[in-house]
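Chemist: First the structure, then my questions, so here it is.
The values are calculated or read from the model by the stated rules, or taken from the named source; none is laboratory data. None of the values given here were measured: they were computed from a predicted structure. Positions of Cβ are generated from backbone atoms using ideal geometry, with glycine treated the same way; all protein chains shown enter the neighbour counts.
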Amino acid sequence: MSARPDRAERPGRPERPDRPERGIALPADLVWRRMHPVSPLLEGWKIMSAIIAVVAIRNADNLVEVYRYVVAHGFNLGDDLLVWALLGLLALVVVLGLVLSLGWWAKTYAVDRDGVYLRTGILNKQLRIARLPRIQSVDIVHPLLGRILGLGRLTVEVAGSGDSRVVIGYLPTARLEELRERILALAAGLAPQPDGAEGPSGAAPSIPAAPDGARARPAGSAGPLGFEDAVRAPAPARARREEHPLYAVDTSTLVGSLLRSGQVLAAIGLTLLVAGALLASMVLTDETARPGSGAALILSMIAGPAAVVSIVWNRFNKSWNFRAAATPAGIRMRFGLTSDTSSTLPPGRVHAVGLAQGPLWRGRDWWLVRALVAGRRTGEAGSSSGGAQEDGIGVLLPVGDRDTALRALWLVTPDLGAPRPDALLAAALSGMDDDGVGPADAPAGSPERGFIRISARGRIFSPLGRRREAIALTDTCVILRTGRWWRRVSVIPYERIQSLRVRQGPLARRLRLARIHFDMVDNTPVRVELSNLDLADAAAVERVVSERALRRRREENLDRWLARVS
């Protein structure tokens, strides 16, 4: 008896070697896992609430009539209209539950030595892959309802435009922490553990010894400052495993920073303005005016203060109980009041650091420290006196004194490449005029040159910030000093600069001025350009940055970030 011929060997079915295979080729040893069974409820309650709200608003009159009928005649299931209404509501709930359950069944994830995989979709299937070399950070988020049930989501941020993140959830907290440690260990280049297993120390990598003189320290600072020193320091008895606390934001400082912010002052001003306008409208409005116009006027006038109050609340909510710790996998930041977030940020993935101080923070010498990470959504780019990004992630310090801000800076930029980093940082943070400026005949990028101020011919275009605007080139990074009232300092490593541009407008060409702009991975709240430089200084800056950026990129390993830590 002959064997059954294969499909390609059957008569009438010639081979088609050029026929493309369906689907995407995936490793055969992937172990696919599903989310927690409660995930459809946590993900779908907003959809259900929105549908119920829309239906209720569109049928408000009918619902009022039903309510009046029930009050007058009682609740009688024998009424056909009421029975059909209840059956329709039940059918809607069953359909939504079925759709969410099918979505949960089709949503699976897997992790191997190459990346993180997520499959979703019932009819329109989607596969997301986060390659390990492109992972920027791994976050654990516990929304309010998820915290009650002990469930959360794991977000893997990768370098890319648009929505390139991979979100896995909901899962129990223990499983989330185990999964995070495994992903970070694999991204660090360690030997992979079997899925669901842990290494000797929770699959956490170890930090090699840093060479002497690899990094300078701020003067007058005690305790572990750098990332490596913090990891090697003995962990407190009550600390989590492999976590070494670095700093925290207390409630009094957070509330004080909010009271000294421009948003709170704007909210108070708008509230007083609205109160005065409402009082005037109540006095001047004719009694015969159209009914309901007063309520519409009130709602329209409180919209502005309500929006400002929402911004202030978002800052308070995202910065509440902010604390940072050093782990072998990276800097771990926890924050949030209603939604608890744990974000692990590998130091080698930071593309730039920005320090900002508003005029009302200057008396207390408070600073905000932001980190630019590829793939992150940015928000409040124009705010320089406080606040966080849209999701609160990417902020190294929402508010803190100068010593704490410098500690946050040293965590992600352990080497400023300057012989006197203390004096350089002091001139960058609070320097004016010729503070930190060396002789003009010294070559650009040399320690003797220090900061390069904008040209005297261009100070007419920057009457307020001209006394502070300057740029310094060290052996490892570019430092920008801008802002007269809202002070800003940007620290940009050479190897993170994508490209740089020198621009000249018609007036700038006549005055021999130029603007230099550093292209980064994303639209960033960190200042990355400086205008009104002398044309010769701009050309020298371009030449030095291009040479050093090329050299620094050749020296680093882009695939495994742990080797860059020390």
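Chemist: Quick one: how many residues across segment 347-368 are surrounded by fewer than 24 Cβ atoms within 10 Å (Cβ to Cβ) and part of a loop (DSSP other than H, G, I, E, B)?
Modeler: Number satisfying all stated conditions: 5.
Chemist: Let me ask something else about it. Would you check which residues across segment 161-184 are in contact with a strand residue (DSSP E or B) (Cβ under 9 Å, 6 or more places away or on another chain), of a type in the set (Gly, Ala, Ser) and more than 18 Å from ARG34 (Cβ to Cβ) and list them?
Modeler: Within segment 161-184, SER164 is the sole residue that qualifies.
Chemist: Further question on the same structure: For segment 154-161, does any single residue satisfy the condition of being exposed (fewer than 15 other Cβ atoms within 10 Å of the Cβ) and at pLDDT below 85?
Modeler: Yes: segment 154-161 contains one or more residues that are exposed (fewer than 15 other Cβ atoms within 10 Å of the Cβ) and at pLDDT below 85.
Chemist: If you go through segment 405-419 one residue at a time, do you hit one that is among the aliphatic types (A, V, I, L, M), within 30 Å of ILE148 (Cβ to Cβ) and either out of contact with any Cys (no Cβ under 6 Å at 6 or more places or on another chain) or modelled with pLDDT of 90 or more (or both)?
Modeler: no
Chemist: Specify which of the listed residues (ARG501, ARG459) is more than 20 Å from GLU547 (Cα to Cα) and in the same structural domain as TRP367 (by TED's automatic domain parsing).
Modeler: Going through ARG501, ARG459 in turn, just one is more than 20 Å from GLU547 (Cα to Cα) and in the same structural domain as TRP367 (by TED's automatic domain parsing): ARG459.
Chemist: Another one. Here is a list: ARG165, ARG175. Which entry is free of Cβ contacts under 8 Å to residues at least 12 places away in the same chain and buried (at least 16 other Cβ atoms within 10 Å of the Cβ)?
Modeler: After applying the criteria, what remains is ARG175.
Chemist: Count, please, the residues in segment 313-335 that happen to be surrounded by 19 or more Cβ atoms within 10 Å (Cβ to Cβ) and part of a helix (DSSP H, G or I).
Modeler: Number of matching residues: 3.
Chemist: Continuing with this model, one more query. Which of the residues that make up segment 87-116 are surrounded by fewer than 21 Cβ atoms within 10 Å (Cβ to Cβ) and either small (Gly, Ala, Ser) or closer than 18 Å to LEU184 by Cα (or both)?
Modeler: GLY88, ALA91, GLY97, SER101, GLY103, ALA106, ALA110, ASP112, ARG113, ASP114
Chemist: Kindly list, by first and then second residue, each pair from a residue in segment 83-102 that is assigned by TED's automatic domain parsing to the domain that holds SER49 and in a helix (DSSP H, G or I) to a residue that is surrounded by 12 or more Cβ atoms within 10 Å (Cβ to Cβ) and modelled with pLDDT of 80 or more, limited to pairs with Cβ atoms under 6 Å and residues at least 6 apart or on different chains.
Modeler: LEU100/PRO40; SER101/PRO40
Chemist: If you don't mind, another one. If I go through segment 137-153 residue by residue, how many of them are touching a Pro at 6+ places or on another chain (Cβ under 8 Å) and not in a strand (DSSP E or B)?
Modeler: Within segment 137-153, residues that are touching a Pro at 6+ places or on another chain (Cβ under 8 Å) and not in a strand (DSSP E or B) number 1.
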